[in-house]
Each structure stands twice: as C-alpha cells, then as structure tokens.
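What follows is one structure encoded as structure tokens, with my remarks underneath.
Readers should treat all values here as calculations from the given coordinates under stated rules, not as data from a laboratory. Everything numeric here is computed off the predicted structure, so don't read it as measured data. Please note: Cβ atoms are built from the backbone with ideal geometry, for glycine as well, and neighbour counts cover all protein chains shown.
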Amino acid sequence: MHAVHSNPRRYLPASRRLVVTLVALLSTSGAVRAQVRLSPDQWRADLDELVGHVVENHRNPYHTIAEGDFRTAAAELRDRIDSLSGDEIALAFARLLASVGDGHTRLTVPVNAANLGYAQAHTADPAPAPGAPRFSTLPVRFMEFEEGIHIVAATAGYEALLGHRVLSLGGATPEEALAALAPFVAHDTPAGLRFNSTKLLAVPELLVGAGVIGDAASATLETRPPGTAGAPTSTVTTFGAIGYDSDPEWVRVGEGILPDPSDSTPYLDLDVGPDGVVVVRVNRINDGPAESIGAFSSRLAKTIEDVGPDRVILDLRYCHGGDQSLSRALVLPLVRWPPAQRPGHLFALVGPETFSAAVNLASRLEEWTQITFVGEPLGSGPSHYSSSDREVLDHSGLVVRVSTGYLVGWTGSEWRESVEIGLPVRPRIEPFLRGRDVVLEAAIRHQAGTEPAEQVRRAFDAGGINAALIMWSRFRTDPATAPLAGPDLGNGFAQYLFDRGETRFAAGIFLFNREFHPSSIEAYLGEAEARIVLGEEAQARAVLEEASRRAPDDPRIRALLNRLDEGSDP
C-alpha cells in the first residue's frame, strides 16, 4: 500500500544555441560522510537478510523473474561485494528488488525525502545506519508535462530555472536518462515507472550508477525557458548536490495544484466551489491526525446532502496509498449519492502517482458507480501485488519492503494497467505556471450527454473502446438502466463505430450484442456486414447461417448470402 520511489555518459554536443553557464558551489553528498564503513561481511549479511525477506514473505516472489535467475543474481552480487562501494551495493540491492517486478517490493532509496520533495512511503523510514550510503539530491525537482520534463522546484539561487524544460542531463536526453534508471526502479505499470524515474532524476548517486553522469558531486543540466519552444535559447547549469542532512529553502511553482511536500498532515480535504462543485482531495487513505476517515466520510455525506451538487470530483492524483480497508469510508457516501449512478456527475482525477490503496478505491468506484476518470493511467493496475511488509536491514539500516498480498480488480482481469480513463488529460506547463489546473477544469466542464447511446459514444470519443465498453457494461448491469440497455444500444454503438471506419471494433460489438441478445437479427446482420468488409467471408457466412436458422424468411439475410456467393465466383 506504499508508493515506491526507488547510455553511457556522454558530453554535451557543441552548442547550437546561446549558452549561459551558471556555476554554484553547494555542499555535496561526499562533503560530510561518516568515516566508518560497513565491512563486506556486514553487507553480505544484509544481502542474505534481504533475499530471505523476499523469499519468505513475498506473496509470490517469482511472478516476474524465474527463481533461478533471482538466486543467481543474488549470488553474483554476493561474490562482487568486496569490489563494490557502499553506494554501488545499495544500488545493486535496489536493482535486485526491482527485478521481482512489482511496485511494493523495493529498496527505499536512501535519500532525504524532504529534499527529494516526495515521500517514498506513507510511513516514515529511519535514516540509514552510520557508514551506510546517504544519497544527495540536485537543487531542482522534476515533473513531467505534456510538453516534456520540467523543473517545478529549486533551491535559492536557482529560481531562474523554474518552469524550464529539461533538454539533457549529463549529456543524455531525458528519454535516455529515464531508460538508464529503469532497472533500479520498482514499479507496477509503465506509467508508474516513468513517474518514479522522473522523480529520481534528482538523485546524483543513482544517475552515476545508471551511467547518466560521472560524478555525484556535480551535474550538468541543459534546459530551455518556458514559452521558447523552437527558439535558439537554452541554459547549461552546472551545480553541486545537496547533502542528505542539508535543509535548504525551496521555491516551488504549482502552488494550489500540487500538495506541499513538506506538509504531510492534510490527508483529506473537502471544498465546495462557487459553482457548487464538491471537490474531495485524498492524498492518503488513512485516519488524519485531527479527523478519522470515518468522520471525514460523515462530513462528506452531509456536504453532498446540503449542497445538492451537480457533480462531485474526487482528486486521487497525489494519493500513493494507505490502508485499503479504510477506502470503504470514501466509497459509501459516493455510492449512496444517486447521481453517481448516471454518467457526468461523479469524477475522479487520477494519474501515475495514484498507487496501491488509491487504485483499490478507484477500482471499487469503477465497479459500483458511473464514475468518469480524468487524467492519466495509474501507477498500479486494478489487480496488483500489495501490502508491503517492511524490514530494516540489520547493518546498513536500509529499508526493504516486499508484497505480502495480492488484490484482484473487480473485472477479474490481471492484464489491465489502469482503470479506464474516460477523459484523458495531461498537465501542460504554461497553464500550470499560471496556476491553472487543466485536469480539474476538464472534469468541471465535461458533459456526458443525456441518453445512454450518446453517453457510450462520447465515452468512446474521449477515452477509446475500453472506456465505452465499461460504460456499456455498467448500463447493462444496473437495475436502474438495464431497461434502457437493450439490443438497440449495442447495435447502435456498433453501427456508430462501423460508420467511422472502426470496422474491427464494430464487428466485436455486434458479436457481443448477439451473444447478449440472441434474437436480435440486426446484430447478426451488422456483424456479417463488418466481417465482409474485413475480408472474413467464412466468418460472415457462419454468422448469416446462424441468423437464417433464427429468421429463415428475413430477406436481408438472403441478400448478404447472395453477396457472398457472388463474390466467391471465379
């Protein structure tokens, strides 16, 4: 239930732009280091403890990596420990755990979370033991937008870089740097991998271990100011790193949109906008220090009753877990709100930071309401390994977590990487710098339509075939809407797809609909027409012959069979 934050080096090419070089001296990770060092035997003991914790406690440790491969990698690392530095060993531990293949099984990268601007877990971890690695951070923090990776926070002296787009780091492009970090980063989904790796671009020791930069004491970053895309202007900044124990002041952009990383207490927040929209912000699924989640649930239910809103928007974008058993407190007031059973009234803002228990909450709402998800794919799929069991390694004090449970999403499918995003929206840098939350704005202005057929069509236009299928399924299985979800709904949607050239999807929907409604001859005719267009004449003939057995006197069936007969003539 916790979030994870766990190319050879190239030199910058000859500048093709106006380059300004800024050099600043800050404390480095190596400036203040304990003189004591762990012995190779102590590291080997910690490695044995790590492996034992995975093997003995993980729900299924070999769900991604073969047992032989995992044990071989651990044995090879054990043999190499004498020749590795502490930093290299810690990174090798992270890589070994990441190979297990899920986001809850990980080594907490030994970095000061306050300087990284992101807590890797919702329970605080102890500092590493004396002599163990303590990684530094760059004096900037990164976030990905539709336009690329940008700087969203900086320490004093680097405020001029706020909003800049990252062009290269240590000579590597952002894509090259992210790819280099990937083997070290535990994750559930591609979206979660990209999010976590983007955060960890600010950890110099990790960049060194991945081959992105050559020295943790300094890094070179090439950036471009916002609003200058295509212009021949960039900035090359070389700076030192912030030591683990440093406590600098940070300047941020995105105030009012991003949660303050220095304030971990307001897990739950409730706001009523001037237009009567109720916005519920959930940054952690836990009892808050001043209010239990049950008390918050009661307050939410009363607010909805008193305000009578047209829409409720649940913001889960920055929620990376909690106690999944407590999500019931948030599900009940929303499920019991009658408009939640109709599209266009209940929304959830989600993204790659939405992880673990937050995904479990989203999955429950996807099953029980007509919720519309707005934003980006999640950091976990609805089915995922969960319930981290924490172990503090005896000698290094490094923190290891392994998944002891497994959650199954409501559809029973294990291949889904996200709930269906009915309204895909990515943050954009220019509005963000002006304090505009484009994801929230999209939820506020979205109109779902008034009739089921229109709503299914709009779901497809906005979120694709799976979003439409989820909505259609919910119409069919809800007693309030099932009478409206007869054969005409499926046939009409399939014809909508066929008319737009989505012939393969149309054939599939017609197929589903004739299975749901075997007496609907229109479903047989529609599928056969689509199969003919696809060149699948044998399948089309089989569908028509089945239709003919059900309606032997229907002239439309004979007409299509005649078309097939004529087309097969030499």
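As a footprinting exposure proxy, order Ile521, Ile293 by other Cβ within 10 Å, with the fewest listed first.
Exposure proxy ranking, most exposed first: Ile521, Ile293.
Labels on offer are (i) 35.1; (ii) 31.7; (iii) 38.5, and the one holding mean projected area of the Cα convex hull in nm² computed from this structure is (ii).
Applied to segment 147-160, the Karplus parametrisation 6.51 cos²θ - 1.76 cosθ + 1.60 on θ = phi - 60° returns per-residue 3J(HN,Hα) values of 8, x, 8, 10, 8, 10, 7, 7, 7, 4, x, 10, 4, 5 Hz, with x for Gly and Pro. Starting from the amide H of Ile285, placed 1.01 Å from N in the peptide plane, find each other amide H under 5 Å away whose residue is 5 or more places distant or on another chain. Under 5 Å from the amide H of Ile285 lie the amide H atoms of Gly321, Gly322, Asp323, each far enough along the sequence or on another chain. For segment 500-508, putting each phi into the Karplus relation 6.51 cos²θ - 1.76 cosθ + 1.60 with θ = phi - 60° gives couplings of 9, x, 8, 5, 5, 4, 4, 4, x Hz, in residue order, rounded to whole numbers and with x for Gly and Pro.
For a test of the definition: using alpha carbon positions, the gyration tensor, and the 1.5 limit on a/c, classify segment 165-256 as rounded, prolate or oblate.
The shape class here is rounded.
What order do you get for 347-354, 501-508, 429-436 when each peptide is scored by the mean count of other beta carbon atoms within 10 Å, highest first?
Per-residue mean Cβ counts within 10 Å order the peptides as 347-354, 501-508, 429-436.
Dividing the summed -39500 (n - 2.57) terms of all DSSP H runs of n ≥ 4 by the residue count of the chain sets its mean residue ellipticity at 222 nm at -11500 deg cm²/dmol. For the pair Asp306 and Arg436, label points projected 7 Å from Cα toward Cβ lie 3.3 nm apart. With neighbours defined as other Cβ atoms within 10 Å of a residue's Cβ, the residues Lys302, Lys199 order from fewest to most as Lys302, Lys199. With both residues required to sit in the chain, DSSP beta bridges show an antiparallel share near 60%.
Neighbouring Cβ atoms within 10 Å as the yardstick, rank Glu420, Glu414 fewest first.
Ascending Cβ contact count within 10 Å gives the list Glu414, Glu420.
Just flag the chymotrypsin sites (Phe, Trp or Tyr not before Pro) in segment 176-277 sitting in loop per DSSP whose Cβ has no more than 14 other Cβ atoms within 10 Å. The qualifying sites: there are none. The phi-based Karplus calculation (6.51 cos²θ - 1.76 cosθ + 1.60; θ = phi - 60°) puts the 3J(HN,Hα) values of segment 284-291 at 6, 8, 8, 5, x, x, 10, 8 Hz, whole numbers, x for Gly and Pro. Separation of segment 296-348 and segment 79-114, taken as the distance between their Cα centroids, equals 38 angstrom.
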